[in-house]
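Read the structure below first, then the notes.
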Amino acid sequence: MAEMIQEIPRILIAGTGSGSGKTTLTAGILKCLKDRGMRIASFKCGPDYIDPMFHSRITGRAAGTLDPYFCDEKALRAVMASESEDCDLAVAEGVMGYYDGIGFTSESSTWSVARATASPVVLVIGCRGIGASAEAILHGFLEHAQGDSMIRGVIFNQIAPGLASAAMRMAEKKGLCPVGCFPSDRRLALESRHLGLVTAEEIRNFEEKTVLLAQAVRKYLDIDALIELARMAEPLRWNDTGMSRTRRNRETGVRIAVAKDRAFNFIYRENMEMLEQAGCEIVYFSPMEDPALPEDVDGLILSGGYPELYAGSLSANRGMRQSVHDAVLSGLPTIAECGGFLYLHRQLQGSDGAGYPMTDVIGGSCADSGALARFGYIEVTAEKTGLLCEKGARFRAHEFHHWDSTDPGTDFVAVRADGSRSWPCGYHTETLYAGFPHMHFRGCPEICRRFTEKCAAFRIRRKQEEQTLGRNI
């Protein structure tokens, strides 16, 4: 496969740790670039669903995912190239601390993404309550890497105004671009809850907040310098591995219903694109508001999300609950991940503490465990053959949830990526996968292929049954 070389101005906004302010600053930077009339491609590192929603709300286009646990270096470059092909500049946001990866290593970290994509990095240092220690932090991050740290600029966030000039001079002495010093301002903070930030759709004054944020970014950060850093990125070398957004196989007629509303919105853009590239049509629906599943569908994906926040509304929609119950038990190929898995239970405890009837596909109930029940990258092994794979097959996934189940399933064994823990999980029949693990199809393309084949077979049987019924009428 021939190597392609593409000029892509790009920058990666990383942080010294969670809470350093990289998401808020990235949102403000995206808004400033958008206001300049630039076409922006945005990306999020790691297994995050919520931050890309902020990106998309600002840029007007879906954000991509750069996850080195699911994609090797060639795939990461291909993802960035294919998603940036019609844009003026690409902005990626890091995850956790810059060097934080699997266990106490930098494997699958933001740094590994920066190296793989040869992206210049602007490091955000959270400076609340510190002064000269900011220099020690910056020195440590520059020297920690075995090889090039990829750090080319720095933003001092939440810094005391009196220390800003000294911080900027210090950055220059270290050969870095001092992009700016950003003060604390509670008006610009993005709200959070038990799984992180609230979604962009839930912030009623989102547009007003991003306008204020962009004004502050223009005032305190040097956007021209940041753009110049992005333009200094070396040409990206990549191979088209079939990830192009324009690539699509022939139409198969297969229609897949995908849950998407306020309760269910943890959806990887790349997963939907891979299904479309396989010739499938995606039909979005709302379990909260629609009366029943869409007609004439051959597969179902119950996405992750926050069903516990809307348990009362989901329970009140009896028509949809019955429709999902009947469809899944009648053999409609179904993937139900985390929040979607909660929806399949007999009962779900809402965030108000009350119990609400759900679809009753799976016995048992789900409730708040009081903390993260399981969190992080995992490798999953199938204990039995079913919808996704054969017995013994392994694939990568991740878990991240506070709510837990009295009946989480035993058809898979999950092992933390660092090998420190394992547990049984999930349901796996010929037509159903349901469990807490989330999948990224880039990391398990065979699962995507098998699921679409099962959906196509279901469609053939359904059409044959309809024809037989028509002849008998």
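Can you confirm whether ALA171 is at pLDDT 90 or above, out of contact with any Cys (no Cβ under 8 Å at 6 or more places or on another chain), over 26 Å from PHE375 (Cβ atoms) and part of a helix (DSSP H, G or I)?
no
I'd like to know if the stretch 88-103 contains one or more residues that are within 20 Å of GLU3 (Cβ to Cβ) and touching a residue at least 12 places away in the same chain (Cβ under 8 Å).
Yes, some residue in the stretch 88-103 is within 20 Å of GLU3 (Cβ to Cβ) and touching a residue at least 12 places away in the same chain (Cβ under 8 Å).
Looking at the stretch 77-110 only, could you name the residues that are of a type in the set (Phe, Trp, Tyr) and over 18 Å from the mean Cα position of the chain (by Cα)?
Listed by number, the residues that qualify are TYR99, PHE104.
Any residue at all in the stretch 282-296 that is crowded, with 23+ Cβ neighbours inside 10 Å, in contact with an Asp or Glu (Cβ under 9 Å, 6 or more places away or on another chain) and of a type in the set (D, E, K, R)?
Checking the stretch 282-296: not a single residue is crowded, with 23+ Cβ neighbours inside 10 Å, in contact with an Asp or Glu (Cβ under 9 Å, 6 or more places away or on another chain) and of a type in the set (D, E, K, R).
From (1) surrounded by 24 or more Cβ atoms within 10 Å (Cβ to Cβ); (2) touching a helix residue (DSSP H, G or I) at 6+ places or on another chain (Cβ under 7 Å), pick out the condition that doesn't hold for GLY340.
All conditions pass for GLY340, except number (2).
Restricting to the stretch 416-438, and then to whatever is of a type in the set (A, V, I, L, M, F, W, C), crowded, with 17+ Cβ neighbours inside 10 Å and over 18 Å from VAL328 (Cβ atoms), can you tell me which residue is modelled with the lowest pLDDT?
ALA417
With respect to the numbered conditions (1) touching a His at 6+ places or on another chain (Cβ under 6 Å); (2) among the hydroxyl-bearing types (Ser, Thr, Tyr); (3) surrounded by fewer than 18 Cβ atoms within 10 Å (Cβ to Cβ), which one is the sole condition not fulfilled by THR359?
(3)
Among THR452, THR468, which is the only one that is touching a helix residue (DSSP H, G or I) at 6+ places or on another chain (Cβ under 7 Å) and of a type in the set (Val, Ile, Thr)?
THR452
Give all pairs with beta carbons closer than 6 Å in which a residue from the stretch 334-357 that is over 16 Å from TYR268 (Cβ atoms) meets a residue that is of a type in the set (Lys, Arg); count only pairs at least 6 apart in sequence or on separate chains.
Pairs that qualify, where the first residue is over 16 Å from TYR268 (Cβ atoms) and the partner is of a type in the set (Lys, Arg): there are none.
How about the stretch 426-454: which of its residues are more than 12 Å from ASP411 (Cα to Cα) and small (Gly, Ala, Ser)?
GLY443
For residues that are in a helix (DSSP H, G or I) and β-branched (Val, Ile, Thr), tally how many sit in the stretch 111-158.
3
Matching residues to (1) closer than 25 Å to GLY355 by Cβ; (2) more than 21 Å from the chain's Cα centre (by Cα); (3) in contact (Cβ under 8 Å) with a residue 60 or more places away in the chain; (4) outside any strand (DSSP E or B):
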position	(1), (2), (3), (4)
THR410	yes, yes, no, yes
PHE441	no, no, yes, yes
CYS448	no, no, yes, yes
CYS455	no, yes, yes, yes
GLU465	no, yes, no, yes
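Of a type in the set (D, E, K, R) and within 23 Å of ILE282 (Cβ to Cβ): does that describe ARG461?
Considered against the rule, which asks whether it is of a type in the set (D, E, K, R) and within 23 Å of ILE282 (Cβ to Cβ), ARG461 comes out as yes.
Small (Gly, Ala, Ser), modelled with pLDDT under 95 and over 27 Å from SER420 (Cα atoms) - does that describe any residue in the stretch 84-98?
Yes: one or more hits.
Of everything in the stretch 378-392, what is hydrophobic (A, V, I, L, M, F, W, C), under 15 Å from PRO424 (Cα atoms) and more than 23 Å from the chain's Cα centre (by Cα)? Give them in sequence order.
ALA382, the sole residue that qualifies.
The values are calculated or read from the model by the stated rules, or taken from the named source; none is laboratory data. Every value quoted in this text rests on a predicted model; they were computed, and no experiment measured them. Every residue, glycine among them, receives a Cβ derived from its backbone with ideal geometry; neighbour counts consider all protein chains shown.
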